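For reference, the structure is listed below as structure tokens.
Readers should treat all values here as calculations from the given coordinates under stated rules, not as data from a laboratory. Computed from a predicted structure; not experimentally measured. Every residue, glycine among them, receives a Cβ derived from its backbone with ideal geometry; neighbour counts consider all protein chains shown.
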Ligand SMILES: *Cc1c(COP(=O)(O)O)cnc(C)c1O
């Protein structure tokens, strides 16, 4: 029998979450962001759930090739554009749209030989200071691109640094709007947080959604995978998002501790009274964060309990006090849900586990270890 740990990708939940993004921006087209191998879920595994998107956006040419190999003929956008000249040949061959964020990428385009001009997304650095032309230089870049025979349509793009937080998007949106006011072309601004929160504020104030934020295309990533972009202010269930991934394992041993006994490396947990603990076949080498410690929530047989002590490479230990029927047995050890949905339907949001580790759901999804087998479910 293989080691009892398994990740499950929930096709129907991905479809549902994509629908939530559409509801939040009903007039926009939706890019499903599938960079980083679909946030760790696997591009091939999420394709069925996300094929209702209007396009797929990612960073890596190899990933773009995989999306085409799945039979996708619609738009694919390279979010960082090309890295070297010959990448443009693949863009031509695979019909990829690509971001242009620096002068060097325009230089490459100017020397590229192609019969079919490319659709490009010109990126503005409206304040995040990662990629893009500054507002002062943006229009010159647009003019330069517009003069190239290699370029077809130019779309306008920016990315928010604080869509999930108090600082919000208004400042960057104002910069973007001022610079692009009279430029033609489609616009794309919003990630998950901007897409969901902007719809919420529109609902809360009774105003129609502000078309500036929704614009022509929205770019939800994390929300599609069922994690709240602004946890703990909002949870995934606040946003009516469902887990795209479940990580489950089984109890492979139990121990009865007497008061004062300790658990695991460093003896960081000391039993305050007699306690039954379960040893679970999941550790940091599976992608469960080592930064988690006593108190991190976990489900055993769909009942919420907590982790105890330190995370080991291959195991964690959990408190079985609230789960009296939990135990071990050949092939039928109790089910432990590290994140996602248990067999009884109870959900443990990946964001709660991430929060316990001082990180975000994104990192946990992306960090699912290659040794964990993955199944795709309806
Ligand atoms: C990753 C990414 C997104 C998606 O962000 P989420 O927070 O996951 O919704 C959108 N736009 C760009 C440019 C990105 O790189």
When 246, 294, 111 are ordered from fewest to most other Cβ atoms inside 10 Å of their Cβ, what list results? 111, 294, 246
On each of the three principal axes the extent of the alpha-carbon atoms of the chain, given in whole Å and largest first, is 77, 46, 36
Fewest-first ranking of 123, 250, 113, 35, using other Cβ atoms within 10 Å as the exposure measure: 113, 35, 250, 123
Angle check, please: helix 11-24 long axis (alpha carbons) against the longest principal axis of the chain (alpha carbons), in degrees 0 to 90, nearest 10. 50
What angle do you read, to the nearest 10 degrees and between 0 and 90, between the alpha-carbon axis of helix 85-94 and the longest principal axis of the chain? 80
Least to most buried among 183, 338, 79 (fewest other Cβ within 10 Å first): 183, 79, 338
Per its Cα gyration tensor (rounded if a/c is under 1.5, else prolate when a/b beats b/c, else oblate), the range 304-355 is best filed as oblate
Of the peptides 152-164, 251-263, how do they stack up when ordered by the mean number of other Cβ atoms within 10 Å, highest first? 152-164, 251-263
For the chain, the longest principal axis of the Cα atoms and the Cα long axis of helix 170-180 enclose an angle in degrees, to the nearest 10, of 20
What does the helix-only formula give at 222 nm for the chain: each DSSP H stretch with n ≥ 4 adding -39500 (n - 2.57), the total divided by the residues, and the result rounded to the nearest 500 deg cm²/dmol? -8000 deg cm²/dmol
Per Stokes-Einstein, at 25 °C and 0.890 mPa s, what whole-number D in µm² s⁻¹ belongs to the range 11-225, with the Kirkwood radius over Cα pairs as the hydrodynamic radius? 140
Give the separation of the Cα centroids, the range 303-378 to the range 18-88, in Å. 28
Provide the percentage of antiparallel DSSP beta bridges, counting only those with both residues in the chain; round to the nearest 5. 55
If you take the square roots of the eigenvalues of the alpha-carbon gyration tensor of the range 92-211 and sort them as a ≥ b ≥ c, do you get rounded (a/c under 1.5), prolate (a/b over b/c) or oblate? prolate
For the range 1-105, what class follows from the C-alpha gyration tensor (a ≥ b ≥ c being the square roots of its eigenvalues): rounded when a/c is under 1.5, otherwise prolate if a/b is larger than b/c, else oblate? oblate
So for the range 245-377, considering every pair of alpha-carbon atoms, how many percent are separated by more than 26 Å? 15
